[in-house]
1. Could you point to the label whose value was computed as Rg/Rh (Cα atoms, Kirkwood Rh) for the structure here, given [x] 0.97; [y] 0.92; [z] 1.03?
2. When the helices in the chain are scored as -39500 (n - 2.57) per DSSP H run of 4 or longer and the sum is shared across all residues, what 222 nm value do you end up with, to the nearest 500 deg cm²/dmol?
3. Can you give the convex hull volume of the alpha carbon atoms of the stretch 14-65 per residue, in Å³?
4. Calculate how many DSSP beta bridges within the stretch 39-87 are antiparallel, expressed in % of all such bridges and rounded to the nearest 5.
5. Peptides 17-30, 63-76: what's the order by average Cβ count within 10 Å, highest mean first?
6. Normalised by the residues of the stretch 2-86, what does the relative contact order come to in percent, with Cα pairs under 8 Å and at least six apart?
7. Give me the number: length gained by fully extending residue 49 to residue 84, i.e. 0.36 nm times residue separation minus the C-alpha to C-alpha distance, one decimal in nm.
């Protein structure tokens with residue numbers, strides 16, 4: 001599976017603490033090897049729009065749109081904001 005990012009992802013990424021950014025890099029490396037590794041909880045949260053979620057840390061998630069074999073990441077943030085955004 002391939003990966004791309006939108007500027008909105010990088011804007012939010014830069015606002016994260018260094019420890020969360022390190023967790024995001026670690027999660028991305030694992031996702032690149034095996035997107036469905038159990039620790040990532042990679043799952044579709046909106047099938048109509050093709051939005052998928054991945055666990056970055058215990059408290060943070062990233063969201064992307066899956067088209068074909070490419071996920072375009074557009075958002076990263078804490079789980080509480082994620083829940084409000086998609087509940």
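1. Of the labelled values, this structure produces [y].
2. Helix-only estimate at 222 nm: -11500 deg cm²/dmol.
3. Spread over its residues, the Cα hull of the stretch 14-65 gives 82 Å³ apiece.
4. That works out to approximately 100 percent antiparallel.
5. Highest-to-lowest ranking by the protection proxy: 63-76, 17-30.
6. Relative contact order of the stretch 2-86: 32 percent.
7. 10.8 nm is the gain from fully extending residue 49 to residue 84.
Each value in this text was obtained by applying a stated rule to the coordinates, not by laboratory testing. Just so we're clear, the structure is a prediction, and the values are computed from it rather than from any experiment. Cβ coordinates were reconstructed from backbone atoms using ideal geometry, including for glycine residues, and neighbour counts include every protein chain displayed.
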